[in-house]
Amino acid sequence: MKPRILIINGPNLNLVGRREPDVYGSRSLDEYIDSLAESMPGVTIDRMQSNHEGDIIDMLHEWGYDKDLTGIVLNAGAYTHTSLAIADAIAAINVPVVEVHISNVWSRDAVRHHSMLSPVCRGVIAGFGLDSYRLAVLSLLPPAL
Ligand code: DQA
């Protein structure tokens with residue numbers, strides 16, 4: 001069976017492409033993820049986006065015990081910095097979660113330097129623009145070397 005990855009995007013990430021293009025670029029995430037999926041025919045990539053904290057928790061519960069899911073790539077947007085509830089959901093599930101950010105959060109305002117989620121994630125990838133998602137997917141696949 002092909003590796004299967006779920007990409008979950010949180011609040012305001014539906015606006016990437018239009019939102020603060022100097023920070024997040026001018027390409028939409030949907031378009032980027034379409035190209036990513038096309039460039040990785042050996043991987044099944046599913047995606048979800050919600051602006052609501054509870055929806056993100058529900059998605060983690062729904063998918064987080066799926067034995068056929070290789071991993072979850074999560075950009076929780078601003079909830080990264082505030083949500084103990086999302087951290088608890090990640091800690092509760094079996095599927096590994098990689099935290100992703102488009103921007104380099106440590107080069108931005110101090111409120112973005114702390115993540116509630118990093119301690120319970122397998123790892124963090126940030127600052128590579130939309131390519132952060134590709135790097136996160138690769139990190140969940142068996143090592144190529
Ligand atoms: C973000 C960084 C967060 O601080 C911010 O609230 C976002 C996007 C990123 O992808 O760079 O919404 O997660």
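The values are calculated or read from the model by the stated rules, or taken from the named source; none is laboratory data. Source: prediction; values computed, not measured. Backbone-built Cβ (ideal geometry, glycine too); neighbour counts: all protein chains shown. Just so you know, the surface numbers come from the protein's heavy atoms only, side chains and all, with ligands and any DNA or RNA stripped out. Shrake-Rupley method; radii C 1.70, N 1.55, O 1.52, S 1.80 Å.
Of the chymotrypsin sites (Phe, Trp or Tyr not before Pro) found in segment 61-140, those in coil by DSSP whose Cβ has at most 12 other Cβ atoms within 10 Å are 65.
Rounded to the nearest 20, the Cβ-based charge dipole of the chain about its Cα centre (Lys and Arg +1, Asp and Glu -1) stands at 340 debye.
Our summary gives segment 30-101 a relative contact order of 34 percent, counting only alpha carbon pairs under 8 angstrom and 6 or more residues apart. Three principal axis extents describe the C-alpha atoms of the chain; from largest down they are 42, 32, 29 Å.
Around the amide H of residue 83, modelled in the peptide plane, lie the amide H atoms of 116, all under 5 Å away and 5 or more residues distant in sequence or on another chain.
With n ≥ 4 as the cut-off for DSSP H runs, can you work out [θ] at 222 nm for the chain, using -39500 (n - 2.57) per run divided by the number of residues, rounded to the nearest 500? Roughly -9000 deg cm²/dmol at 222 nm, from the helical runs in the chain. Note on residue 68: accessible area approximately 80 square angstrom, rounded to 10, probe 1.4 Å, nucleic acids and ligands left out. Extending 7 Å from Cα along the Cβ direction at residue 144 and again at residue 122 yields two label points whose distance is 1.6 nm. Taking amide H atoms as placed 1.01 Å from N in the peptide plane, the amide H of residue 7 lies under 5 Å from those of 46, 47, 48, 73, each 5 or more residues away in sequence or on another chain. Near residue 63, once Lys and Arg are set to +1 and Asp and Glu to -1 for all other residues with Cβ below 13 Å from its Cβ, the sum equals -3. A simple rule links phi to the HN-Hα coupling: the Karplus curve 6.51 cos²θ - 1.76 cosθ + 1.60 with θ = phi - 60°, which for segment 103-119 gives 8, 7, 4, 7, 9, 10, 4, 4, 5, 8, 7, 9, 10, 6, 8, 3, x Hz, with x for Gly and Pro.
Mean separation of Cα pairs under 8 Å and 6 or more residues apart, divided by the residue count, gives the chain a relative contact order of 26 percent. Would you mind pulling out the separation of the Cα centroids of segment 28-49 and segment 9-27, in Å? Between the Cα centre of segment 28-49 and that of segment 9-27, the gap is 16 Å.
For segment 18-23, putting each phi into the Karplus relation 6.51 cos²θ - 1.76 cosθ + 1.60 with θ = phi - 60° gives couplings of 10, 8, 5, x, 5, 9 Hz, in residue order, rounded to whole numbers and with x for Gly and Pro.
Summed over the residues of the chain and divided among them, the accessible surface reaches 50 Å² per residue at a probe radius of 1.4 Å. Roughly how many percent of the accessible protein surface of segment 7-145 is carbon and sulfur, given a 1.4 Å probe and a whole-percent answer? Of the solvent-accessible surface of segment 7-145, carbon and sulfur hold 53 percent.
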